[in-house]
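Only one structure is covered here, and it is reproduced in the block below.
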Amino acid sequence: MKYYFGIDIGGTEIKFGFFDEMKRLLGTTKVKTPTENVREELVDLLYDIVIARLQKEKVTLDSLGGIGLTIPGPVKDGVITFCPNLNVGYDFDITSAVKEKFNKPSLKVVVGNDANLAAYGEYKILGRSNLSNMVFITLGTGVGGGVIVNKKLVTGFSGSAGEIGHIPFDLNNGRKCGCGGVGCVETVAGTAGMIQTANDLMKKEKSIMKDKTLTPKLIFDSAKEGDLVALKVVDSVSYAIGYMAATISTIVDPEVFVIGGGVAQAGQFLLSKINYHYQQLARFGTTEARFELAKLGNDAGFYGAFYLLLED
Ligand SMILES: [Zn+2]
């Protein structure tokens, strides 16, 4: 029996999924992401946890089928090009570093961008893999995603495919984006963008959110209660995402958009509003695309990393 690790490396925590070759999830572990001397500490930490788990199964390193890693930033040919969320500097060849640590050049190590692999995880499980074209949208602090075309994950030339939150949206809104641009979808539909819209509106309009700490949850809950400011914020988010999806559709023409990330907890309320705007903006047969909620939650990344291991 071979064993595999799908490991989702985030800016604050690292989630491990431990699988066997029958594709069964045998266990999960969560640890804090190192913040100092990250290159070394990170690889040491991965090594320690993998070895400990193999020992628990009473098997040797020979039974390790591979390690799949997700990174919160662009990845090109197994190298982390630049990742502000992880503080590893430029061009960190994590693939080679892991192989060296295990002292096993033949060890299979695959690395991918977190949103891309979350997309792949969502795609491979729960019966979606009979689809050929699917786009995953993650709504949280940022807006990200992953694109499956002809059953394959699209990573692109520079490893930046799926950075859909940076589709230019409203270039005149004057809002700076984390990517360095102005007016990306994320500046309206990301957490900071939503809060800014709410604050701007509350300068002129009454709201039950006044003097409360603004969060996406508060905004969506208030919208569900009928608060007009909150409803306008939700509408601006839904319009931005509907616009983004319609734009993607002209290129990819997916059967399904899967919506995940923390903000997706707003559920069907959000989905129906996105779909409303999408239907106004979509062209040709792309109006047939449907919107679904993600099913794997925070586990999507390590599932995707595991399935990528089986693929390559
Ligand atoms: Zn941007």
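Taken together, the values in this text are just the output of simple stated rules run on the coordinates, not laboratory data. None of the values given here were measured: they were computed from a predicted structure. With ideal geometry, Cβ positions are generated from the backbone for all residues, glycine too; neighbour counts draw on all protein chains shown.
Between the DSSP loop rule and a limit of at most 12 other Cβ atoms within 10 Å, which GluC sites (Glu not before Pro) in segment 1-70 are left?
Values: sites: Glu13, Glu21, Glu36, Glu40, Glu41, Glu57; in loops: Glu21, Glu36, Glu57.
Answer by residue number: Glu21, Glu36.
Report the one residue of Asn275, Thr197, Phe16 whose Cα lies farthest in the direction of the positive end of the charge dipole of the chain (charges on C-beta: Lys and Arg +1, Asp and Glu -1; origin at the Cα centre).
It is Asn275.
Take every DSSP beta bridge whose two residues both sit in the chain, then give the antiparallel share in percent to the nearest 5. Before the final figure, lay out each step's value.
Working: 28 of 48 bridges.
In the chain, approximately 60 percent of DSSP beta bridges are antiparallel ones.
Using the Cα centre of segment 131-294 as the reference point, and only Cβ charges (+1 on K/R, -1 on D/E), how large is the resulting charge dipole? Debye, rounded to the nearest 20.
Numbers: 15 positive and 14 negative charges, 46 e Å.
Using only the charged Cβ atoms, the result is roughly 220 debye.
Under the rule of at least 5 residues apart or a separate chain, name every residue whose amide H is placed under 5 Å from the amide H of Lys108.
Those qualifying (amide H under 5 Å, at least 5 residues apart or on another chain) are Ile67.
What FRET efficiency comes out for Met1 versus Val154 if R0 is 25 angstrom and r is the Cβ-Cβ distance? Round to the nearest 0.05.
Working: r = 33 Å, r/R0 = 1.30.
Step by step, r from the Cβ atoms, then E = 0.15.
Once label points are set 7 Å from the Cα along Cα→Cβ at both Ala192 and Gln55, what is their separation, rounded to one decimal in nm?
4.3 nm
If R₀ is 22 angstrom, what is the calculated FRET efficiency for the pair Phe82 and Val31, using the beta carbon separation as r and rounding to 0.05?
On the way: r = 24 Å, r/R0 = 1.08.
That pair, Phe82 with Val31, gives E of 0.40.
Quickly rank 138-146, 244-252, 161-169 as a protection proxy: mean count of other C-beta atoms within 10 Å, highest first. All intermediate terms of the calculation are to be shown ahead of the outcome.
Numbers: 138-146: 25.4, 244-252: 19.9, 161-169: 21.7.
Listed from highest to lowest mean packing, they are 138-146, 161-169, 244-252.
Please report the relative contact order for the chain, taking Cα pairs under 8 Å with a sequence separation of at least 6, and give it as a percent rounded to a whole number.
On the way: 615 pairs, mean separation 60.9, N = 312.
Relative contact order comes out at 20 percent.
Given a Förster radius of 25 Å and the C-beta distance between Ser96 and Asp62 as r, what FRET efficiency does 1/(1 + (r/R0)^6) yield to the nearest 0.05? Before the final figure, lay out each step's value.
Values: r = 21 Å, r/R0 = 0.83.
Efficiency, from the Cβ-Cβ distance: 0.75.
Starting from the Cα-Cα distance between Ser129 and Thr287, subtract it from 0.36 nm times their residue separation and give me the gain in nm to one decimal.
So the extension gain works out to 54.7 nm.
Which order, highest average first, do 72-81, 88-97 follow once you tally other Cβ atoms within 10 Å for each residue and take the mean per peptide? Let's see the in-between values first.
Numbers: 72-81: 18.8, 88-97: 15.9.
Top to bottom by mean Cβ count within 10 Å: 72-81, 88-97.
Beta carbons within 10 angstrom, averaged per residue: use that to sort the peptides 257-270, 100-113, highest first. Mind dumping the intermediate values first?
Working: 257-270: 20.3, 100-113: 17.2.
Highest-to-lowest ranking by the protection proxy: 257-270, 100-113.
As an exercise, identify the GluC sites (Glu not before Pro) in segment 180-244 lying in DSSP coil whose Cβ has no more than 16 other Cβ atoms within 10 Å.
Working: sites: Glu186, Glu205, Glu225; in loops: Glu205, Glu225.
Here the GluC sites (Glu not before Pro) that fit, given the DSSP loop and packing criteria, are Glu205, Glu225.
Rounded to the nearest 500, what is the chain's calculated 222 nm mean residue ellipticity when only DSSP H runs of at least 4 contribute -39500 (n - 2.57) each, over all residues? Spell out each step's value before the answer.
Details: 9 runs with 114 residues, N = 312.
Theoretical 222 nm ellipticity from helices: -11500 deg cm²/dmol.
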